[in-house]
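Contents: one structure, followed by commentary.
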Amino acid sequence: MIDRFSFSVAIRHLLYYKGQTLLTMGVVAVSVTLIIFLGALIGGLQKRLISSVTGAIPHVVIRQPERKPIAVWEVATANGVLYLGERVKLQQQKRKIEDWQSWEARLPTFSDNIRAVSPVVEGQAFVNRNEKRKAVTVVGVFPEKHNGVVDIQSKLVQGRFFGLNGGEAVVGFKLADEFALKLGDKIRVVSAEGNVGNYTVAGIFDTGFSAVDSATVFIPLRDAQSLFGVGNAVTTIGLKLQRIFEAKDLAQQIALQVPYETRSWMEDNQQLLSGLRAQSQSSNLILVFTTIAAGFGIASIMITSVVTRLREIGILKAIGATNRQILQIFAIEGTLLAFFGAIAGAIQGVALSLALYSIRVQVSETGRTAEVFPFDLTPDLVIRAIVIAVLVGLAASWYPAWRAARVNAIEVIRGG
Amino acid sequence: MLERNGDVVCELRHVDKVYEGAVPTPALLDINLQVRRGEFLVVLGASGSGKTTLLNIIGLLDTPTSGQVWLAGRNAADLSEEERAALRSRYMGFVFQFHYLLPEFTVMENALLPCKIVGARMVEQNRNRVKELLVRVGLGDRLNYRPNQLSGGQQQRVAIVRALANNPELVLADEPTGNLDSKNGFAVFEMMRFMNRETGTAFVVVTHDERLAQEADRVVVLEDGRIVKDEIQRPAVTHEL
Ligand SMILES: Nc1ncnc2c1ncn2[C@@H]1O[C@H](COP(=O)(O)OP(=O)(O)OP(=O)(O)O)[C@@H](O)[C@H]1O
Ligand SMILES: [Mg+2]
């Protein structure tokens, strides 16, 4: 219960000694600004790093395990007889998922973390045009589904991705440059299996991922199925997750539930992850020390305040204020100082982050821009900074408040 | 709530006070004293005779080394810290030699502090009374001034009204005029005498000034921690409650 008397004395005191109040709030504001600024910057940098590896790939991929050619003597058949041809057959079989439609429907129910599912037919092929020839990855997709896993639509420089018709293809801008492709131009694609497809360029994209922009061709799933000769099957199912750091665990869990192999982005980027972890730890350390410094700032100013107000405290106690009321005066002051300092600091921190975030530079010849400082400013971060500041304010005023409550009225009155 | 015990607002029984230290200092020796309702009592005595010590013990700011203090019909030794604080805010009022108003509060707010300590209801009950008292001590046009905008005498008058804010049974004043020139000191003393007659609150006033003592109903003289004289000069005003 907050005592009204304590509250009114605290408020009055804060308003009366404006200089001291502003100074204390300033200490808190600066640290909250720092916490928000650093938190948002480090968060943003990490996000940028992570998206630099996950931006153009599904977080989890489901596929048929690779079938290794096995030696004749490893194969035990029912009648113990093995024909030579069988080994060849195993080797050539393309890794594919026949029952993908049922898994596509069931996967979203496996975890609320799964945000999108996209069946994909992927394979290697050559693009031919005017004597030029280049090895590319052909990705057959349902554009609307695939865009939930890897965003292409918003990265389009020209044309369209959604609503791709049979016989149409979407290519990266670097590939388009290399072959001098415009919308409506034709390309000829020859798959590793030897099948040929002719496609009209319907869209050109710029994802910022060099490998994708220079050597990936998107075509409709059906076209890819015939190009790679997989019938009605797909080669992989890609998943997009809400919480990407749970990818590894989720991949392992799914592997137990489907008769296929799974792989997450995390397993392919161990080093990046341990780097990020180290970065998080050092940034947390900075934040902890900032918070502690702010706490000492509040505490030292409050202790000064208690010492200069010994008389007032003594008199209040003499005329009947309880120890609890005196304690509360200072606890309330510390908390209010921290709270309003934190609000001011939050406004500053957010303004500073947004201002720097708005600085953009062009990063690609297609005109795509990116921010110089990749701030990741979440309400969560701001609220956390404020809550921490208030708790620190409360903690920092604990000792001064306790000192104040212990003031001996007689000594003060005698002191004159 | 608070028991008002007949005619006696405060009683000391065989109170001794020895200040412990490198050399233990006896400050009060076998003090027996009853303060009666509505009484205006002046305590005289040389410097170091124990006057402040006596007042602090009555005011529950200090505890006796031995003996008993009775207030509102209760033995102070049996009271918790909270109860002692409650008695100080509701049953008693204090005036100190140095006025000790809070600088960040106005005259009116300072005078209402004891009510605020008790709670919002107490403030509402006493707001008009306190205002009235401030008008009567001549500060009606200074209600919203800050203490540092007042003279010493005016500040002390605010302190007297503050002591009376909760309509207490007993006001304890330690050299309330000690810091004022004789003219202002006399005016402040007169003010207390007047309030005593108006409100029926008992006053225990410590002073060095024998001249002021002549105005009192009763004079107690301390010498080296003992009461050497306890003289009733005139009957106290009694208010039928
Ligand atoms: N905290 C203390 N520690 C030790 N001795 C003390 C303390 N307070 C008072 N004394 C002693 O107790 C005795 C009585 O002091 P007290 O302050 O009650 O006197 P007083 O009558 O109020 O004097 P004055 O008129 O100067 O205010 C003195 O001898 C003083 O030195
Ligand atoms: Mg004294």
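About the Cα centre of region A:94-259, what is the dipole size in debye to 20, counting +1 per Lys and Arg Cβ and -1 per Asp and Glu Cβ, all else neutral? It would help to have the intermediate numbers written out before the result.
Numbers: 20 positive and 18 negative charges, 50 e Å.
Value, rounded to 20: 240 debye.
Compute the normalised compactness of region A:94-259: alpha-carbon radius of gyration over 2.2 N^0.38 Å, N being the residue count. Provide the component values of the computation, followed by the final result.
Numbers: Rg = 16.2 Å, N = 166, 2.2 N^0.38 = 15.3 Å.
Rg over 2.2 N^0.38 Å, computed on Cα atoms: 1.05.
With +1 on each Lys and Arg Cβ and -1 on each Asp and Glu Cβ, how big is the dipole of region A:183-255 about its Cα centre, in debye rounded to the nearest 20? Numbers along the way, then the final one.
On the way: 6 positive and 7 negative charges, 25 e Å.
Here the size comes out at about 120 debye.
Taking the Cβ of residue B:201 as the center, what net charge do the other residues with Cβ under 11 Å away carry, scoring Lys and Arg +1 and Asp and Glu -1?
Values: positive: B:37, B:197; negative: B:39, B:169, B:198.
Neighbour charge sum, excluding residue B:201 itself: -1.
Taking R0 as 45 Å, what FRET efficiency do you get between residue A:387 and residue B:226 from their Cβ-Cβ distance, rounded to the nearest 0.05? Spell out each step's value before the answer.
On the way: r = 62 Å, r/R0 = 1.37.
Taking R0 as 45 Å, the efficiency between residue A:387 and residue B:226 is 0.15.
Along the principal axes of its C-alpha atoms, what lengths does chain B span, in descending order and rounded to whole Å?
Largest first, chain B extends 48, 42, 40 Å along its Cα principal axes.
Under 10 Å, Cα contacts only: if you run a Gaussian network model on chain B, which one of B:128, B:56, B:110 comes out with the highest mean-square fluctuation?
B:128
What's the longest bit of chain A with no exposed trypsin sites (Lys or Arg not before Pro), using DSSP loop states and at most 16 other Cβ atoms within 10 Å as the test? Numbers along the way, then the final one.
Values: sites that count: A:67, A:94, A:95, A:160, A:182, A:243, A:368, A:406.
After excluding every exposed loop site, the longest remaining stretch is A:244-367.
Summing +1 for each Lys or Arg and -1 for each Asp or Glu, what net charge is found among the other residues whose Cβ lies under 11 Å from the Cβ of residue B:66?
On the way: positive: B:13, B:17; negative: B:16, B:30.
Every neighbour counted, the sum reads 0.
Counting only C-alpha contacts under 8 Å and six or more residues apart, can you give the relative contact order of region B:92-234 as a whole percent?
Details: 221 pairs, mean separation 37.7, N = 143.
With pairs under 8 Å counted, the relative contact order is 26 percent.
Between residue B:183 and residue A:359, what's the calculated FRET efficiency when r is the beta-carbon distance and R0 is 60 Å? Round to 0.05. Numbers along the way, then the final one.
Details: r = 73 Å, r/R0 = 1.22.
Efficiency, from the Cβ-Cβ distance: 0.25.
Here is the link list: B:51/B:229; A:47/A:134; A:155/A:240; A:18/B:116. Which ones come out longer than 21 Å on Cα distance?
In this structure, A:47/A:134; A:18/B:116 lie more than 21 Å apart at Cα.
By the gyration tensor of its Cα atoms, with a ≥ b ≥ c the square roots of the eigenvalues, what is the shape of chain A: rounded for a/c under 1.5, prolate for a/b over b/c, or oblate?
Values: a/c = 4.30, a/b = 2.56, b/c = 1.68.
Prolate shape, in that a/c is at least 1.5 and a/b is the bigger ratio.
In nm, give the distance between the simple-model label positions of residue A:22 and residue A:182, each being 7 Å from the Cα along the Cα-to-Cβ direction.
6.5
Work out the charge dipole of region B:11-66 with +1 on the Cβ of Lys and Arg and -1 on the Cβ of Asp and Glu about the Cα centre, then indicate which of B:65, B:19, B:35 is farthest towards its positive end.
B:35
Within region B:101-168, what whole-number % of the accessible surface is contributed by carbon and sulfur, with the 1.4 Å probe and all protein chains included in the calculation? It would help to have the intermediate numbers written out before the result.
On the way: 1060 of 2560 Å².
That fraction is 42 percent.
Farthest toward the dipole's positive end in chain A, which of A:16, A:119, A:407, given Cβ charges of +1 (Lys, Arg) and -1 (Asp, Glu) about the Cα centre?
The Cα lying farthest towards the positive end belongs to A:407.
DSSP beta bridges in the protein assembly as shown, what fraction antiparallel, as a percent rounded to 5?
Within the protein assembly as shown, antiparallel bridges account for around 70 percent of the total.
Could you sort B:7, A:185 by accessible area so the largest value comes first, with the probe set to 1.4 Å?
Details: B:7 100, A:185 25 Å².
The ordering from most to least exposed comes out as B:7, A:185.
Just in region A:312-400: which GluC sites (Glu not before Pro) are loop by DSSP and have at most 11 other Cβ atoms within 10 Å?
Values: sites: A:312, A:333, A:365, A:371; in loops: A:365.
Sites meeting the loop and neighbour criteria: A:365.
Using the beta-carbon distance between residue A:112 and residue A:411 and R0 = 45 Å, what value does 1/(1 + (r/R0)^6) give for FRET efficiency, to the nearest 0.05? Write out the running numbers ahead of the final one.
Working: r = 64 Å, r/R0 = 1.42.
Efficiency computed from Cβ-Cβ geometry: 0.10.
Which residue, chosen from A:352, A:257, A:320, occupies the Cα position most advanced towards the positive end of the dipole of region A:253-370, where the dipole is computed from +1 (Lys, Arg) and -1 (Asp, Glu) charges on Cβ about the Cα centre?
A:320
Compute the accessible area per residue over region A:94-259, keeping the other protein chains in place, probe 1.4 Å, unit Å².
Values: 7240 Å² over 166 residues.
That works out to 44 Å² for each residue.
For chain B, what is the charge dipole size about the Cα centre, in debye to the nearest 20, if Lys and Arg each add +1 at the Cβ and Asp and Glu each add -1 at the Cβ?
740
Given a cut-off of under 8 Å on Cα pairs at least six residues apart, what relative contact order in percent is computed for chain B?
On the way: 486 pairs, mean separation 67.7, N = 241.
Reported as a whole number, the value is 28 percent.
If you average the sequence gap of Cα pairs under 8 Å that are 6 or more apart and divide by the length of chain A, what percent do you get for the contact order?
Values: 711 pairs, mean separation 107.9, N = 416.
That works out to 26 percent.
Inside 10 Å of the C-beta atoms of A:307-319, what's the mean count of C-beta atoms belonging to other chains? Show your work: numbers first, answer last.
Details: counts 0, 0, 3, 0, 5, 6, 0, 3, 10, 7, 4, 12, 17.
Rounded to a whole number, the mean comes out at 5.
Taking the Cβ of residue B:222 as the centre, find all other residues whose Cβ is under 14 Å away and add up their charges (Lys, Arg: +1; Asp, Glu: -1). It would help to have the intermediate numbers written out before the result.
Working: positive: B:17, B:51, B:218, B:226, B:229; negative: B:16, B:30, B:174, B:175, B:210, B:223, B:224, B:230, B:231.
Taking every Cβ under 14 Å from that of residue B:222, the sum is -4.
Report, as an integer, the average count of C-beta atoms from other chains found within 10 Å of each Cβ along B:111-117. It would help to have the intermediate numbers written out before the result.
Details: counts 0, 0, 8, 4, 1, 9, 12.
Rounded to a whole number, the mean comes out at 5.
The values are calculated or read from the model by the stated rules, or taken from the named source; none is laboratory data. Being a predicted model, the structure only gives us computed values, none of them experimental. Here the Cβ is made from the backbone with ideal geometry for all residues, glycine too, and neighbour counts use every protein chain on show. Accessible surface areas use protein heavy atoms only, side chains included; no ligands, DNA or RNA. Shrake-Rupley method; radii C 1.70, N 1.55, O 1.52, S 1.80 Å.
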